[in-house]
Amino acid sequence: MKTARAVGIGGYGAYVPRYRVPTATISAAWRPHGATKPAVAEKSVPGADEDVVTMAIEAGRTALGRIPELDPRTIGAVWVGSESKPYAVKPSATVVAEALGITPATVAADFEFACKAGSEAMQTAVAFVGSGMTEAALAIGMDTAQSRPGDALEYTAGCGGAAHLFVPADQALAVVEGSVSYVTDTPDFFRREGAAYPEHGSRFTGEPSYFEHTLAASRRLLAELGAQAGDFDHAVFHQPVPKFVVRASEELGFTAEQIRHGLVAPRMGNAYSGSSLLGLAAVLDQARPGERIFFCSYGSGAGSDAFAFHVTERIDERRQGARVADYLDRRREITDYGHYLRLRSKIRRD
Amino acid sequence: MDLPRYHRLRGAYYRLEGRRCTGCGAVAFPPRPACRGCGGRELEVHALAPRGRVHSFTEMATAPRGFDPPHLMALVELEDGPIIAAQLTDIDPEDIAIGMEVEMVTRRIQEKGPHGYLVYGYKFRPPVPRGEAS
Ligand SMILES: [Zn+2]
């Protein structure tokens with residue numbers, strides 16, 4: 001897919017909470033019998049005063065701070081993609097837009113598509129700016145992923161995400177070369193209204209879901225662009241567990257060096273809707289003018305959004321504020337499972 | 001905090017917006033309908049600096065209802081002068097020091113039970129340390 005006028009990312013910002021729980025702390029509490037080693041060593045945990053709204057505000061502030069010449073009031077759309085909204089009914093995006101000084105003349109809504117909600121917001125932001133409807137649109141993917149105590153997901157469900165502000169290409173630090181979306185009805189993972197924790201459609205995990213959609217969307221985008229894996233300097237994928245990313249990228253022909261900067265899950269777990277957007281932010285922290293970035297998300301239910309970006313000279317002047325690595329290095333370890341349960345509000349006073 | 005008050009003060013809570021008197025220049029935070037200095041009513045929106053230093057602090061032994069422990073209260077001297085009362089976050093009590101640099105973040109400051117509304121507002125925390133770009 002291409003837009004009528006060229007569009008790119010004008011500013012970006014990431015967020016990862018300060019707390020980490022080693023997965024060894026979780027296995028010590030549950031003593032799973034004959035279980036395999038957890039896929040990550042530790043995962044990020046939100047502070048007691050954090051949620052998707054507060055995390056999205058911080059990522060959004062960084063994104064806007066990196067393009068100070070842009071008046072927040074010219075941003076015509078704010079979308080927050082998440083599967084862990086603080087309210088079942090009441091938009092997160094209006095709080096975020098208000099805190100960032102974007103209200104009231106803006107479109108605002110929350111997006112839901114499991115882990116693809118953030119990249120869905122990116123597609124829509126590209127379309128809004130690309131059609132000329134608005135001069136800027138803010139797409140955020142952020143999650144404080146839920147997991148049932150003792151469930152396999154508890155070892156990888158992390159927290160974090162990123163904000164990407166789309167603007168016309170002449171003001172962009174990375175220009176969108178094109179994008180595709182690929183979706184089917186696949187029952188691999190779901191959570192019903194009112195249910196506290198998600199469920200797995202176990203036999204649909206992996207092959208018919210993550211790999212089918214990630215590979216199909218990626219191949220379609222490469223075909224549309226007439227490009228090959230080797231034409232890109234960096235590649236970012238949705239990161240449920242690191243080994244999924246390694247396998248999908250290898251099948252597409254990407255090397256370990258190409259996925260290195262964007263692979264954040266080993267240090268924080270799976271950030272769900274935030275995962276691929278955070279990986280993209282980590283790549284932008286490192287990218288040089290002229291480089292090309294390949295991006296592909298995945299969300300259960302199921303679908304993938306693939307994007308290609310071309311990094312511009314502006315990248316070097318748009319790196320004020322905390323980088324992804326700074327957030328990952330800022331860590332306060334929680335080694336007490338009870339403290340972890342309290343931070344995740346699984347035990348509470350009222 | 002009741003809902004109408006929270007809604008009325010959201011500019012102050014989310015963006016540190018006070019009022020500046022166009023007559024005498026006095027700044028009020030949170031906003032007031034009239035200037036305390038000269039009684040003037042011509043006031044303009046004035047956002048305070050979102051950075052400052054810890055002027056003094058205390059750990060409240062019991063967090064008020066709707067606030068989560070540890071409840072760390074500080075007086076923060078902002079870069080542009082005013083001193084405001086705010087909670088500290090993302091820090092352990094033993095690591096707080098008078099004079100330490102802090103920046104504003106927006107956090108949950110109250111939850112009206114599992115079915116009630118959430119109050120978001122300013123807190124302060126040490127800036128995220130910046131490593132060398134690689
Ligand atoms: Zn006055």
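The values are calculated or read from the model by the stated rules, or taken from the named source; none is laboratory data. Being a predicted model, the structure only gives us computed values, none of them experimental. Heads up, the Cβs are rebuilt from the backbone with ideal geometry, glycines too, and the neighbour counts pull from every protein chain shown. We work out accessible area using only protein heavy atoms, side chains counted, and drop any ligands, DNA or RNA first. Shrake-Rupley method; radii C 1.70, N 1.55, O 1.52, S 1.80 Å.
If both residues of a DSSP beta bridge must be in region B:2-134, then about 95% of such bridges are antiparallel. Counting Cβ atoms of other protein chains within 10 Å of each residue's Cβ and taking the mean over peptide B:105-113 gives 6.
What net charge is computed for the residues neighbouring A:P86, neighbours being all others with C-beta under 13 Å from the C-beta of A:P86, Lys and Arg scored +1, Asp and Glu -1?
Working: positive: A:K85, A:K90, B:R107, B:R108, B:K112; negative: A:D49, A:E50, A:D51, A:E83, A:D110, A:D143, B:E111.
With Lys, Arg at +1 and Asp, Glu at -1, the neighbours total -2.
Rounded, prolate or oblate: which fits chain B, taking a ≥ b ≥ c as square roots of the Cα gyration tensor eigenvalues, rounded meaning a/c under 1.5, else prolate when a/b beats b/c?
Values: a/c = 1.90, a/b = 1.26, b/c = 1.51.
Judged from the Cα gyration tensor, chain B comes out oblate (a/c at least 1.5, b/c at or above a/b).
Relative to the longest principal axis of the Cα atoms of chain A, the long axis of helix A:212-225 makes an angle of roughly 10 degrees. Between region A:308-350 and region A:91-127, the alpha-carbon centres lie 20 Å apart. Between helix A:242-252 and chain A there is an angle of about 40 degrees, using the helix long axis and the longest principal axis of the Cα atoms. If you take all other residues with their beta carbon under 9 Å from the beta carbon of B:R130, and give Lys and Arg +1 and Asp and Glu -1, the sum is -1. Using a probe of 1.4 angstrom, how much of the accessible area of chain A is carbon and sulfur, in percent? That share works out to 53 percent.
Name the shape class, rounded, prolate or oblate, that the alpha-carbon gyration tensor gives for the protein assembly as shown, where a ≥ b ≥ c are the square roots of its eigenvalues, rounded holds for a/c under 1.5, and otherwise prolate holds if a/b is larger than b/c and oblate otherwise. Because a/c hits 1.5 or more and a/b fails to exceed b/c, the protein assembly as shown counts as oblate. The calculated FRET efficiency for A:E251 paired with A:W30, based on their beta-carbon distance and R0 = 35 Å, is about 0.55. Inter-chain Cβ neighbour count for A:49-55, averaged per residue, equals 6 (cutoff 10 Å, partner chain atoms only).
FRET efficiency for the pair B:R5 and A:E193, taken as 1/(1 + (r/R0)^6) with r the Cβ-Cβ distance and R0 = 30 Å, rounds to 0.45.
Give me the distance in nm between label points sitting 7 Å out from Cα along the Cα-to-Cβ direction at A:D170 and A:A4, one decimal. Simple spin-label model gives 1.7 nm for this pair. How many angstrom lie between the C-alpha centres of region B:1-76 and region A:134-182? Result: 33 Å between the Cα centres. Interface residues of region B:73-102, defined as a loss of at least 40 Å² in heavy-atom accessible area between the chain alone and the complex of all protein chains with a 1.4 Å probe, are B:D90, B:D92.
Taking Cα pairs under 8 Å and at least six residues apart, what relative contact order does region A:1-101 come out at, in percent?
Relative contact order of region A:1-101: 33 percent.
Accessible area per residue for the protein assembly as shown, computed on protein heavy atoms with a 1.4 Å probe, is 41 Å². Here the calculated FRET efficiency for A:A227 and A:R288, from their Cβ-Cβ distance with R0 = 22 Å, stands at 0.70, rounded to the nearest 0.05. Say the cut-off is 30 Å between C-alpha atoms; which of A:K116/A:K243; A:K90/A:K346; A:K346/B:K123; A:K37/A:K90; A:K43/B:K123; A:K243/B:K123 go over it? Checking Cα-Cα distances, A:K37/A:K90; A:K243/B:K123 exceed 30 Å.
Relative to one another, the C-alpha centroids of region A:18-90 and region A:184-236 are positioned 21 Å apart.
Rounded to the nearest 5, what % of DSSP beta bridges with both residues in chain A are antiparallel? Antiparallel bridges make up about 65 percent of those DSSP assigns within chain A.
Between beta-carbons, use under 13 Å as the cut-off and find the net charge around B:T62, counting Lys and Arg +1, Asp and Glu -1. It would help to have the intermediate numbers written out before the result.
On the way: positive: A:R349, B:R65; negative: B:E59, B:D68.
Here the count lands on 0.
Leaving out ligands, DNA and RNA, calculate the buried accessible area for the pair B and A with a 1.4 Å probe, summed over both sides, in Å² to the nearest 100.
Working: alone 8480 and 14140 Å², together 19950 Å².
About 2700 Å² of accessible surface is lost on pairing.
Using a simple spin-label model with pseudo-atoms 7 Å out from Cα toward Cβ, B:V45 and A:R331 lie 4.1 nm apart.
Taking label points 7 Å from Cα along the Cα-to-Cβ direction, B:E79 and B:R32 give a separation of 2.7 nm.
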